Amino acid sequence: MADATTEVSALLAICRRIEQVTAQIYRALAAAHCDSDLMRPVWLKTADEEMAHARQFDLLAQAHVQNRDSLAPALTVVQARAGLQRVEQVLQDFLTQPPGIEQALRQMVGMEREYLDFHSHRVVEFSDPELCRLFTALMDADRDHVETLERALSAWIRPGL
């Protein structure tokens, strides 16, 4: 049980870090596109939401430590770390050479879809219904991010529609 508990704690910490790095990506995009009245608010709002997701992972981690009610993780720590490395590389790439708005939108839609897929496979299953709802809310937020970014991409590509 201690091994599973440690693994779940590690997974939730990595997930929290992925959300934090993603928020940094959105903030970097807001800085790179500071002259865009369309995109700067979208980037900043999404960054704030990613930080809220990080706090949700903190809550999940606290509940896990207190209740130890999680079931077996559906993802390995190695897989989660690989995801974190990919996100950190995107941040580094964006800081080194910020993409244009269309490219950034397309890349972030892809990333948010990955998160949605990631969350739909449930990093960790919880038996507590409240924790399940919290995790489902993360998945719903990722779905909202995809929709928001897709609408912004459409508006960017076809202004005035």
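Read-outs: derived from the displayed coordinates by stated rules, not from any lab. Fair warning: this is a prediction, and the values are worked out from it, not measured in the lab. Cβ coordinates were reconstructed from backbone atoms using ideal geometry, including for glycine residues, and neighbour counts include every protein chain displayed.
One residue is enough: does region 87-97 have a residue meeting the conditions surrounded by fewer than 14 Cβ atoms within 10 Å (Cβ to Cβ), of a type in the set (A, V, I, L, M, F, W, C) and within 21 Å of residue 146 (Cα to Cα)?
No.
From the list 95, 60, 75, which one is part of a helix (DSSP H, G or I), among the hydrophobic types (A, V, I, L, M, F, W, C) and either in contact with an Asp or Glu (Cβ under 8 Å, 6 or more places away or on another chain) or under 21 Å from residue 142 (Cβ atoms) (or both)? It would help to see each step written out before you state the result.
On the way: 95 fails: either in contact with an Asp or Glu (Cβ under 8 Å, 6 or more places away or on another chain) or under 21 Å from residue 142 (Cβ atoms) (or both); 75 fails: part of a helix (DSSP H, G or I).
Being part of a helix (DSSP H, G or I), among the hydrophobic types (A, V, I, L, M, F, W, C) and either in contact with an Asp or Glu (Cβ under 8 Å, 6 or more places away or on another chain) or under 21 Å from residue 142 (Cβ atoms) (or both) holds for just one of 95, 60, 75, which is 60.
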